[in-house]
Amino acid sequence: MDILHYFSAVHPQALLATSTTLVFFLGFLIWLMGMGGRRSSLDLPIAGMLPSILLNLHRLHDWAAKELERRGCTTWVRGPWLSGMDFVATSDPLVAKYVSSTKSSNFQRGPRFREIVEPLGMGVITADSEEWRPRRKLMVDLLHRPEFVSSLRGMTQEMIKSRLLPRLADAAREKKPVDLQMVLRFSFDVMCSAILGVDFGSLSADLPHVPFMEAFGEVEDIIITRFVMPRSLWRLLAWLQIGPPQRLAEYTKFVDEFLYQTIAARKEQLQREDSEAPKPHGESAPGDASQRCNLLTMYLRSNREVADETGKLSPAGYSAEYIRDATLELLASGWRSTGVGMARVLWLLCMHPTEAAKIVDELGSNTSVAADGDTVAKQQEARGSHMTTFKADDLGSCVYLNAAIHESLRLYAPIPFTSRAAMQRDVLPTGEELPQGVTVLLPVFAVGRIRKLWGEDAAEFKPERWISDGKMKDESSYKFAVFGAGPRGCLGKKLSMGTIKAVTASVVYNFRFTPADGPGIGHHAHEEWIEGEPPEVAASRGILFGSFEKMTFHVHARQQ
C-alpha cells in the first residue's frame, strides 16, 4: 500500500498506468487460454477493446477492416476505463468527406496528435488553423517550383542508373538474393538529397551503416508506437526515464544535432557564395548534393523574400527551428512512405508475374515512352548488361503501370491511418454524436480492404479495377485516401507518384524476381482467419510501424 501511495503522490497517473498494464497482462492471459484463436472482438466492461487490439496487433489493419465491416463502417472504439483512449473509427467515404472537407475547420489535428508527434516540431502536418496556412502556402510554393521538380526528377533518374539498377544487376550476375528493403535506402538517398542537399550514399555497393537513417527511423517507429500506447503508461515510462520515451529522447537529440549543424553549415556556405564572384550560369559541382536545388537551400534563400504586413522585408526571416521543423516533416512524409510504396508494388508484381509481364509489354510497345537506355548501357558496359531506364514525365500514358501502382497502394497504404479531433461538439452524417476533443480515426490501410467499397474481390490484386475503356478511372479521394483528402491533402502526391513510377518501370522492365523463401502468398492479399495463420501474416508484419518485414528475392535479368 505504501508503494501505491508513493506512486499516486509523485505521479498523478501512476495508479491508472498500473491498471492499464494489468489490462495488457489480461489480454496476454486471454491469448494463452486459447480465447484468441479466432481473434474475435472483445469489448470488455473495464478494459474496453484494448485486449482485442493487442491480440491482433500483428495484423491490426486487416482485423480493423473486418471489424468495420461487421460494425457498419463507423463505430466507437472504447479503450480502458479512464484511459482517454475512446475514439470513433470510420471507413465511410461520406464521413471522411465530412471530417476532411465539409467541416474541416472543426476537425483539426488537435493537442493529443501534436503531443504524440512533438519530436517532429511544428509544421504543416502538426499545425492547426492560422499556424497551418502560411506554412502550407510556403511549402506548396517551394515544392512546385520548376527548378525543384526538375532537380528531383534528375536526381531520381541519376540514382536509378548509378545505384539501384547496378545493385540489382550485381545480384543477378552473382546469383545472390536481395532484400527489397534496399528500396528504402534508395528512397532515403533521394529524399535527403532533394530536401537537405545531403547525399548519404546509403545504397552504395557496401550498403554502409548510416547513423542518421537509423536514428530517424527509430524516431518514426516510436512515434507510431505511441499512438497505440495508453497516455498514462507513456507518462509513467517517461517519468521513470526508461523504455520508448528514453530512446525517443536520445534519437531525437541525435537527429536535431545533425539537422542544426547542417542548417548552420549551409547558411555559411550561402554567405560565402554571395560574397564571391558569381559562377557562370549552370556551373556547379555535380558530385555535391548541396550544390543541387534542394529545399533546405530554398528555405534559407527564402529568408530574403519574407515580408511583413507592410510589404517590407523582414531581417529575421525563418529561424533555424522553423527550417528544422519543415525539413524534418518533409523527410517524415516522403522517405518511408515513398520507399514502402515502391517496395510493395515490386513485391506484388513478383508474386503476380502475369501482371508484371503486362507492364513490360506496355513499356516495350508504347512509342510515347522515352527510354534512356544508351547512357545506362555505357555505364553498365563493364558489367556486361544493357539496362533501360524510364523518366517519370514520360510514363503518363502507361495505363496498366499506373493501375498496378494504385492497386498496390490500395492494398498496402504506406501511411496506414490518419486522424482528426473535434474542436467542438459535432454530429457525423451517420448520426454519431461527438463530444469536444474526441478523435475520428480514418484507417486508410483498412479502408482499402473493405468489400462494401471495393467489391467481393477486394482482397485480390487486380490492376484492372482501375481501368475503364482503356483509361484510368478516377476514384474519390475519400475512398482512396492514400494521399489524404480535402485541404490537408498530400502536397507531394505528384512528386511521390513520379518517383514510384520511374523506379517501378525501370526495375520491372530490366528484372524479374522470384521469392528466395518459398512461393510466397497466393492471389489474395488476405484470407478469412479461422484457424492458424493467414498466408499473408508474414507479409503484413511490421506495417503498423511504417515499414515492412524482410522481403528476400532472387533477381533475374530480363532478355529484351
query: At R71 and L237, where each label point lies 7 Å from the Cα along Cα→Cβ, what is the point-to-point distance in nanometres?
result: 2.4
- request: Using a 1.4 Å probe over the heavy atoms of the protein chains, calculate the carbon and sulfur portion of the accessible area of segment 377-515 as a whole percent.
  value: 49
- line: In Å², rounded to a whole number, the accessible area per residue of segment 114-167 with probe 1.4 Å is 42
query: Pulled fully out, how much extra length does the chain show between E147 and L57, if you take 0.36 nm times their separation in residues and subtract their Cα-Cα distance?
result: 28.0 nm
- request: Could you give log10 I(q)/I(0) at q = 0.14, 0.19, 0.23 Å⁻¹ for segment 160-238, computed by the Debye formula over C-alpha point scatterers of equal weight, without solvent?
  value: -0.60, -0.85, -1.06
message: On a full-extension model of 0.36 nm per residue, what is the gain between D361 and I467, subtracting their alpha-carbon distance, rounded to one decimal in nm?
response: 36.5 nm
- line: Pseudo-spin-label distance T430 to T225, built 7 Å along Cα→Cβ, given in nm, is 3.1
- prompt: What length, rounded to one decimal in nm, is gained on full extension from R272 through to D256, with 0.36 nm per residue of separation minus their alpha-carbon distance?
  reply: 3.3 nm
task: Find how many whole Å separate the alpha carbon centroid of segment 258-273 from the alpha carbon centroid of segment 399-437.
output: 39
- request: Leaving ligands, DNA and RNA out of it, report the carbon-plus-sulfur percent of the accessible area of segment 139-185 at a 1.4 Å probe.
  value: 54
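The values are calculated or read from the model by the stated rules, or taken from the named source; none is laboratory data. The shown structure was predicted, so the numbers you read here are calculated from the model rather than taken from an experiment. Reconstructed Cβ throughout: ideal geometry from the backbone, glycine too, with neighbour counts over all protein chains shown. Protein only, heavy atoms only, side chains kept; ligands, DNA and RNA dropped before computing areas. Shrake-Rupley method; radii C 1.70, N 1.55, O 1.52, S 1.80 Å.
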